[in-house]
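*Asks:* Handing you a structure now.
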Amino acid sequence: MDQTIEALRANGFTAELHDDAAAARARIKELIPPGAGVFTGASETLRLSGIEEDINAGDRYQAIRPRVLKMDRATEFDEIRRLVAAPDAFVASIAAVTETGSLVIASGSGSQLPACAGGAASAIWVVGAQKVVPDLSTALRRVEEHALPLENERAQAVYGQPSAVNRLLVLNAEPQPGRSTVLLLREAIGF
């Protein structure tokens, strides 16, 4: 874990090691100012930790996800696209983090990828201990063999359709100092 934190920092990410999801939940409240427009990526880690509810059901932030879910995809697609691509803050999890300091993000729709890649003014990833892997090839294997089957099961239950890794993003470094924060947890949580 310490090696991963050091590698992330060397690659320009702000990286913090926390004991559990409760600590990350409290830290997010410190990192995101009240009133900020916040978009949350679909994430079991956020759901299980209560972070998703804090952001999307509370009145502390301008929650983007609930807003876009109410919008008509056929007639308001451009507005949805703009809202999710460039929020004040983006909060999600990832499929894997390498000991060499890279983040691997898998997506079925790709809607969260612009915010991850640089569209959001700030990005925060909450990462369970089980997502730390030695290298990129192991990370990609983890996406296909571990995360996708679990996400597929969840998508079938929630949406009535399967999931897929239609888009894959690897962040090897963060060129904007202070933009990206990784909250690495000592506990396992999420997929």
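The values are calculated or read from the model by the stated rules, or taken from the named source; none is laboratory data. Quantities reported herein were computed from a predicted structural model and do not represent experimental measurements. Methodologically, a virtual Cβ is constructed for each residue, glycine included, from the backbone with ideal geometry; neighbour enumeration extends over all protein chains shown. With ligands, DNA and RNA removed, areas are computed over all heavy atoms of the protein, side chains included. Shrake-Rupley method; radii C 1.70, N 1.55, O 1.52, S 1.80 Å.
*Asks:* Quick check on segment 121-135. Is at least one of its residues open to solvent by 50 Å² or more (accessible area, probe 1.4 Å), closer than 19 Å to Arg65 by Cβ and of a type in the set (Asp, Glu)? Walk me through how you get there before you give the answer.
*Replies:* Applying the first criterion (open to solvent by 50 Å² or more (accessible area, probe 1.4 Å)) to segment 121-135 yields 121, 130, 134-135.
Remaining after also requiring closer than 19 Å to Arg65 by Cβ: 121.
Still in the list and also of a type in the set (Asp, Glu): none.
Within segment 121-135 (the criterion being open to solvent by 50 Å² or more (accessible area, probe 1.4 Å), closer than 19 Å to Arg65 by Cβ and of a type in the set (Asp, Glu)), the answer is no, since none of the residues qualifies.
*Asks:* Okay, moving on. When you scan segment 51-63, do you find a residue that is on the phi < 0 side of the Ramachandran plot, of a type in the set (Val, Ile, Thr) and assigned to a strand (DSSP E or B), even just one?
*Replies:* If we filter segment 51-63 for residues that are on the phi < 0 side of the Ramachandran plot, which is where we start, we get 51-63.
From what's left, of a type in the set (Val, Ile, Thr): 51, 55.
So of that shortlist, the ones also assigned to a strand (DSSP E or B) come out as none.
There is no residue in segment 51-63 that is on the phi < 0 side of the Ramachandran plot, of a type in the set (Val, Ile, Thr) and assigned to a strand (DSSP E or B).
*Asks:* Turning to a different aspect of this structure: If Val104 satisfies every condition in (1) touching a strand residue (DSSP E or B) at 6+ places or on another chain (Cβ under 9 Å); (2) in a loop (DSSP other than H, G, I, E, B); (3) modelled with pLDDT of 95 or more but one, which is the exception?
*Replies:* Only one criterion is unmet by Val104, namely (2).
*Asks:* Provide a single number: the residues in segment 113-144 that are in contact (Cβ under 8 Å) with a residue 24 or more places away in the chain and among the hydroxyl-bearing types (Ser, Thr, Tyr).
*Replies:* As a first pass, look at segment 113-144 and keep what is in contact (Cβ under 8 Å) with a residue 24 or more places away in the chain: 113-136, 138-140, 142-143.
Retained after the next criterion (residues that are among the hydroxyl-bearing types (Ser, Thr, Tyr)): 122, 138.
Summing the residues that are in contact (Cβ under 8 Å) with a residue 24 or more places away in the chain and among the hydroxyl-bearing types (Ser, Thr, Tyr) in segment 113-144 gives 2.
Residue-wise test of (1) in contact with a helix residue (DSSP H, G or I) (Cβ under 9 Å, 6 or more places away or on another chain); (2) small (Gly, Ala, Ser); (3) at pLDDT 95 or above.
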| position | (1), (2), (3) |
| --- | --- |
| Pro66 | yes, no, yes |
| Ala86 | yes, yes, yes |
| Thr98 | yes, no, yes |
| Ser122 | yes, yes, yes |
| Val126 | yes, no, yes |
| Lys131 | yes, no, yes |
| Leu148 | no, no, yes |
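*Asks:* Given the options Glu151, Glu145, name the one that is outside any strand (DSSP E or B) and exposed (fewer than 15 other Cβ atoms within 10 Å of the Cβ).
*Replies:* On the way: Glu151 fails: exposed (fewer than 15 other Cβ atoms within 10 Å of the Cβ).
The conditions single out Glu145.
*Asks:* Looking only at segment 154-177, filter to residues that are open to solvent by 60 Å² or more (accessible area, probe 1.4 Å) and either among the hydroxyl-bearing types (Ser, Thr, Tyr) or within 20 Å of Cys116 (Cβ to Cβ) (or both); which one of those is modelled with the lowest pLDDT?
*Replies:* Selected residue: Tyr159.
Listed here are the residues, each with its yes/no results for (1) more than 23 Å from Asn11 (Cα to Cα); (2) surrounded by 13 or more Cβ atoms within 10 Å (Cβ to Cβ); (3) of a type in the set (S, T, N, Q).
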position: Tyr61; (1), (2), (3): yes, yes, no
position: Arg65; (1), (2), (3): yes, yes, no
position: Met71; (1), (2), (3): yes, yes, no
position: Thr75; (1), (2), (3): yes, no, yes
position: Asp78; (1), (2), (3): yes, no, no
position: Leu83; (1), (2), (3): yes, yes, no
position: Ala89; (1), (2), (3): no, yes, no
position: Val97; (1), (2), (3): no, yes, no
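*Asks:* Looking only at segment 155-191, count how many residues are closer than 13 Å to Ala106 by Cβ and out of contact with any Lys or Arg (no Cβ under 9 Å at 6 or more places or on another chain).
*Replies:* Step one: list which residues in segment 155-191 are closer than 13 Å to Ala106 by Cβ, which gives 155, 163-171, 190-191.
Imposing the further condition that a residue be out of contact with any Lys or Arg (no Cβ under 9 Å at 6 or more places or on another chain) reduces the set to 155, 164-171.
The total comes to 9.
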